[in-house]
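Please read the structure below before turning to the comments.
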Amino acid sequence: MAVPKRKTSKARHRKRFATWNGNVEAVKVVRCRSCGGVHRPHVACPYCGNYKGEKVMEPRAKEID
Ligand SMILES: [Zn+2]
């Protein structure tokens, strides 16, 4: 019978189980207050360049229509 030569380390075990189904969350998205576009939270909206209602940068993505 095949027997493991070494005990599986905690790090190895945890690395293996870290990517199990359910442990990896989908990327969260929120709606922009200004234009209603969908973008990641805590990040300026790429469609209109607004963050918390203030314009902080030039839009990077194309307009959504
Ligand atoms: Zn926006």
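The values are calculated or read from the model by the stated rules, or taken from the named source; none is laboratory data. Keep in mind the model is a prediction, meaning the values are calculated, not measured. Here the Cβ positions follow ideal geometry from the backbone for every residue, glycine too, while neighbour counts run over all protein chains shown.
A Cβ distance below 7 Å, combined with a sequence gap of six or more or placement on separate chains, defines the contacts here; from segment 10-28, residues that are part of a loop (DSSP other than H, G, I, E, B) reach residues that are surrounded by 10 or more Cβ atoms within 10 Å (Cβ to Cβ) in the pairs VAL27/ARG40; LYS28/ARG40. Residues ALA2, ALA61: which one is at pLDDT 90 or above and either part of a loop (DSSP other than H, G, I, E, B) or hydrophobic (A, V, I, L, M, F, W, C) (or both)? So the residue among ALA2, ALA61 that is at pLDDT 90 or above and either part of a loop (DSSP other than H, G, I, E, B) or hydrophobic (A, V, I, L, M, F, W, C) (or both) is ALA2.
Applying the condition of being away from the ligand (no atom under 16 Å from the Cβ) and β-branched (Val, Ile, Thr) to segment 23-40 and asking which residue is nearest to LYS62 (Cα to Cα) yields VAL27. All told, ALA61 falls short of being among the hydrophobic types (A, V, I, L, M, F, W, C) and exposed (fewer than 12 other Cβ atoms within 10 Å of the Cβ).
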